[in-house]
Amino acid sequence: MITGTGSFIPDEIRENKDFARAEFYSGDRQRLLQDTADIIVKFEKITGIAQRRYANDRLNASDMAAFAAAAAVEDAGVDPETIDQVIVAHNFGDVPRNSLQNDAVPSLASRVKSALPIYNPACVAYDLLFGCPGWVQGLIQAEAFIRAGIARRCLVIGAETLSRVIDPHDRDSMIFSDGAGAVVLEATGSGSCDSGILGSVSRTYAAEESSYIALGESYCPPGGINGRFLKMQGRKVYEFALRTVPAAMKTCLEACGIELDKLKKIFLHQANEKMDAAIVKAFYGLFGIQRLPEGIMPMNIRELGNSSVATVPTLFDMVRKGIIPGHRLNPGDIIMFASVGAGMNLNAVCYRL
């Protein structure tokens, strides 16, 4: 079960108005004729994002991961030396500010283990690359090791600095942000299955879908910017998510033998407000329900943007600690974690508090 949570939210706030002087281009390197102010208004209406957070020049993804991890360990009240695995989900490693070269050697997990510090060599540290669903997949993986008796206590972290891999001439750059979240997952002393992960579903669609989110050249005219940046085929991602994620969530819930009305919260990857709302609506629609339960889907994307693997653990930490108004968790509540992203990968986890 999850015994501790932590998150690190960077201090640097970028509001939508800060993009007013941006020059946006299309994928064929043509300057968008629409006024930038109008682009920003439309962007916020669709995504729900008004602000996002960027890490300062001194911070990298591994630094934020270590801060979130330390907070989770303290919250759990455990000795770091008793942690068996440190799992860090990310997609780009450490990317120093003003550099496009990523650094993932040594692994971010090894850097976190060193930063905490944990000296026990039996604590195994490794990274996980699974697109935006990476943190949820890390949770699934940690639980599998615990059930197998290989580990009893795992630290699962999601961290990303997407602000350093975005193309400033691509309007999609306004979606992405930085942050880190972590949990301590451990076996219960009694071996009881009353709380903890009840079941999970993971999927990878890697035919034509694998290119929906990838790295590509800047949209600016030739000679403007060198390097490769995060690129997303937004319409295809939206359609893919709506087609696949609700079905996976339903499969997960039914495999756990959970009645829909017992589900108290859905912690969905904070990708896009409109898309997330459509996914949850479609999920309930699969059960013939058109009206969603009040407060079923907490969100923080309006203030924090899309920080990829960090969105679900930071959201969970904020709700668990009463930071998001109108949302609270109680012992015995059944919740769901779900995510979708590059790969194209997706997953869902049913969990009882």
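Throughout, read-outs are computed from the coordinates displayed, never taken from laboratory work. These figures come from a predicted structure and were not determined experimentally. Positions of Cβ are backbone-derived with ideal geometry, glycine not excepted, and every protein chain shown enters the neighbour counts.
Whole number please: convex hull volume per residue, Cα atoms of region 196-352, in Å³.
Considering the Cα atoms of region 196-352, their hull volume per residue is 127 Å³.
Decide, for region 96-175, between rounded, prolate and oblate: order the square roots of the alpha carbon gyration tensor eigenvalues as a ≥ b ≥ c, take rounded if a/c falls under 1.5, and otherwise choose prolate if a/b is larger than b/c, else oblate.
Oblate.
Return the label of the correct value of percent of Cα pairs over 26 Å apart, as calculated from the structure shown, out of (i) 54; (ii) 58; (iii) 47.
Comparing each candidate, only (iii) matches the computed number.
Once phi is turned into θ = phi - 60°, what whole-Hz ³J(HN,Hα) does the Karplus curve with 6.51, -1.76 and 1.60 give for every residue of region 23-35, x standing for Gly and Pro?
For region 23-35, the Karplus curve yields 10, 9, 10, 8, x, 9, 6, 9, 4, 5, 7, 5, 4 Hz.
Quick one: length gained pulling Phe287 to Ile324 fully straight, 0.36 nm per residue minus the C-alpha distance?
10.5 nm
Looking at the chain, send over the antiparallel percent of its DSSP beta bridges, to the nearest 5.
Expressed as a percentage, antiparallel bridges in the chain total about 70.
If contacts are Cα pairs under 8 angstrom and at least 6 residues apart, what is the relative contact order of the chain in percent?
25 percent
List the relative contact order of region 182-288 as a percent without decimals, with contacts defined as Cα pairs under 8 Å and 6+ residues apart.
RCO, region 182-288: 25 percent.
Where is the GNM fluctuation largest for the chain (alpha-carbon springs, 10 angstrom cutoff): Ala278, Ala122, Ala159?
Evaluated over the chain, the most mobile residue of the options is Ala122.
Would you kindly derive the ³J(HN,Hα) couplings of region 292-309 from the backbone phi angles with the Karplus curve 6.51 cos²θ - 1.76 cosθ + 1.60 (θ = phi - 60°), listing them in order in whole Hz, with x for Gly and Pro?
For region 292-309, the Karplus curve yields 7, x, 5, x, 6, 10, x, 9, 9, 5, 4, 9, 10, x, 9, 9, 6, 4 Hz.
Taking the dipole about the Cα centre of region 196-352, with the C-beta of Lys and Arg at +1 and of Asp and Glu at -1, give me whichever of Phe287, Asn226, Val237 is farthest to the positive side.
Of the listed residues, the answer is Phe287.
What Kirkwood hydrodynamic radius do you get for region 2-186 when you take the inverse of the mean 1/r over all pairs of distinct Cα atoms, in Å?
After inverting the mean inverse Cα-Cα distance, the result is 17.5 Å.
Students often get this wrong, so check it: of Lys45/Lys281; Lys236/Lys321; Lys42/Lys250; Lys113/Lys265, which have C-alpha atoms separated by over 29 Å?
Lys236/Lys321; Lys42/Lys250; Lys113/Lys265
Once you charge only the Cβ atoms, +1 for Lys and Arg and -1 for Asp and Glu, what is the size of the charge dipole of region 283-338 about its Cα centre, to the nearest 20 debye?
40 debye
What's the extension gain from Ala277 to Leu32 if we count 0.36 nm per residue and subtract their Cα-Cα distance?
Full-extension gain reported as 85.4 nm.
Please work out how much length the chain gains when fully extended from Arg21 to Val41, using 0.36 nm per residue of separation minus the C-alpha to C-alpha distance, in nm with one decimal.
5.8 nm
Using a 10 Å cut-off around each Cβ, can you sort Leu263, Leu108, Leu139, Leu128 from fewest to most neighbouring Cβ atoms?
Leu263, Leu128, Leu139, Leu108
Using the Cα centre as the reference, give the magnitude of the dipole from point charges on the C-beta atoms of the chain (Lys, Arg: +1; Asp, Glu: -1; all else neutral), rounded to the nearest 20 debye.
Using only the charged Cβ atoms, the result is roughly 580 debye.
If I take the Cα coordinates of region 135-209 and project them onto the principal axes, what are the three extents in Å, biggest first?
For region 135-209, the Cα spread along each principal axis is 55, 30, 21 Å.
Quickly estimate the mean residue ellipticity at 222 nm for the chain, helices only: each DSSP H run with n ≥ 4 gives -39500 (n - 2.57), and the total goes over all residues, rounded to 500.
-9000 deg cm²/dmol, from helical runs alone.
Rounded to the nearest 20 debye, what is the charge dipole size of region 187-302 about its Cα centre when +1 sits on each Lys and Arg Cβ and -1 on each Asp and Glu Cβ?
Rounded to the nearest 20 debye, it is 240 debye.
Where does helix 134-147 land angle-wise versus the long Cα axis of the chain, in degrees 0 to 90, nearest 10?
20 degrees
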